[in-house]
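Only the coordinates and a few stated rules stand behind these numbers; no lab work does. This structure is a prediction, so every number in the text was calculated from the model and none was measured. Glycine gets a Cβ as well: all are built from the backbone with ideal geometry, and neighbour counts include every protein chain shown.
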Amino acid sequence: MGTQIFSEELVKKLRSASSVAVLTGAGISAESGVPTFRGENGLWKKFKPEELANFQAFIRNPQLVWEWYQYRRRIIEIIRPNPGHYAIAEMERRHENFTVITQNVDNLHIHAGSKDVYELHGNIMRNYCIDCGKNANDDEVLRCDTVPHCACGGLVRPDVVWFGELLPEKPWNAGVKAAESAQVFFAIGTSAVVYPAAELPRIAKRAGAYTVEINIERTELSPFVDEVLLGKSGEILPQLVEAVY
Ligand code: OAD
């Protein structure tokens, strides 16, 4: 693990910032053992999103889609937050307003102790009925190998956002508000290609935030941000906390 160099500007801005926001993606959880979607061993290289992550696919083959989410739940159930998640939770304690906006569905920010977390793409441990909308989150449903049915007869689906679906309004609005008011904004472990989430760092930049990207490689976002920190978030973030606070 190399020693990360942070700009004086970032250190200074963070020390004086009352409002900070972070947008995280699959990369923040990679060091916990959650596979990312894109990149070298990305899930979308082996599986087809059009067969697994949209509503039509679910109606066509609910059992296949249910099994895919059960497979991912089994991974997520046994993993723990990594030093990147813990560093973000620590940063929250140092600023008056600190918002975590995540595209991840894995609960790891919450498990690490972050309080102000907005899930843009839902949560894999929740489900609801496609007909009556009732939540179906008990253990029996989460353990079910075959796609469950609600008492009303409707199919139960995971509470995650699929391609072509709108983001839940409350976390999206909170994300926009945080991006607009942040003095420092981080985009961490996201390829920044899935919209509207990828719009948030750009909103923050336009509103005057100092924008920082943390990623193991450059992305489409890199040319737009003020500072790119190349490396693993689980290594860079603890060093940042050490350097700043
Ligand atoms: P991606 O899989 O598209 O991108 C993960 C990013 O994390 C890549 O840019 C990697 O380079 C980077 N990365 C990998 N390991 C890292 C590490 N240890 N430290 C820092 N960065 C690392 O994931 P997202 O951007 O989250 O949508 O994908 C966005 C959405 O696309 C997901 O929420 C999901 C997917 O389809 C839905 O399920 C709706």
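Between GLN56 and VAL244, what length in nm is gained on full extension when 0.36 nm per residue of separation is reduced by their alpha carbon distance?
Between GLN56 and VAL244, full extension yields an extra 62.9 nm.
Of ASN82, ASN61, ASN127, which has the largest mean-square fluctuation in a 10 Å C-alpha GNM of the chain?
Top of the fluctuation ranking is ASN61.
In debye, nearest 20: dipole of the chain around its Cα centre with unit charges on the Cβ of K, R (+) and D, E (-)?
100 debye
Give the dimensionless ratio obtained when the Cα radius of gyration of the chain is divided by 2.2 N^0.38 Å.
Ratio of Cα Rg to 2.2 N^0.38 Å: 1.03.
Once both axes come from the Cα atoms, what is the angle between helix 62-78 and the longest principal axis of the chain, in degrees from 0 to 90, rounded to 10?
Helix 62-78 sits roughly 40 degrees off the main axis of the chain.
Which pairs, out of LYS134/LYS177; LYS48/LYS205; LYS45/LYS177; LYS170/LYS205, put more than 31 Å between their alpha-carbon atoms?
As for pairs spanning more than 31 Å Cα to Cα, those are LYS48/LYS205; LYS45/LYS177.
Taking the number of other C-beta atoms within 10 Å as the exposure measure, put CYS144, CYS129, CYS152 in order starting with the fewest.
Starting with the residue having the fewest Cβ neighbours, the order is CYS152, CYS144, CYS129.
For the stretch 25-108, build the convex hull from the C-alpha positions and give me its volume per residue in Å³.
For the stretch 25-108, the hull spanned by Cα atoms encloses 103 Å³ per residue.
Mean shadow of the stretch 69-188, computed from the convex hull of its alpha carbons, in nm²?
For the stretch 69-188, averaging the hull's shadow over all directions gives 8.5 nm².
Which residue fluctuates most in the GNM of the chain (Cα springs below 10 Å): PRO148, PRO81, PRO196?
The residue that fluctuates most here is PRO196.
Is it possible to state the helix-based mean residue ellipticity at 222 nm for the chain, with each DSSP H run of 4+ residues giving -39500 (n - 2.57), the sum divided by total residues, to the nearest 500 deg cm²/dmol? What is it?
Using -39500 (n - 2.57) per qualifying helix, the result is -11000 deg cm²/dmol.
What is the spin-label model distance, in nm, from CYS152 to LEU230 if the labels are put 7 Å beyond Cα along the C-beta direction?
5.2 nm
If you average the alpha carbon positions of the stretch 1-75 and of the stretch 160-218, how far apart do those two centres end up, in angstrom?
Going from one Cα centre to the other spans 13 Å.
Picking from VAL156, ASN137, ASN123, whose Cα lies most toward the positive end of the charge dipole for the stretch 9-166 (charges on Cβ: Lys, Arg +1; Asp, Glu -1)?
About the Cα centre, the residue reaching furthest to the positive side is ASN123.
At what distance in nm do the modelled label points of LYS46 and PHE6 sit from each other, each positioned 7 Å from its Cα along Cα→Cβ?
Result: 3.5 nm between the two label points.
Using a Gaussian network model of the chain whose springs link C-alpha atoms within less than 10 Å, name the residue from ALA151, ALA207, ALA53 with the highest mean-square fluctuation.
Highest fluctuation of the listed residues: ALA151.
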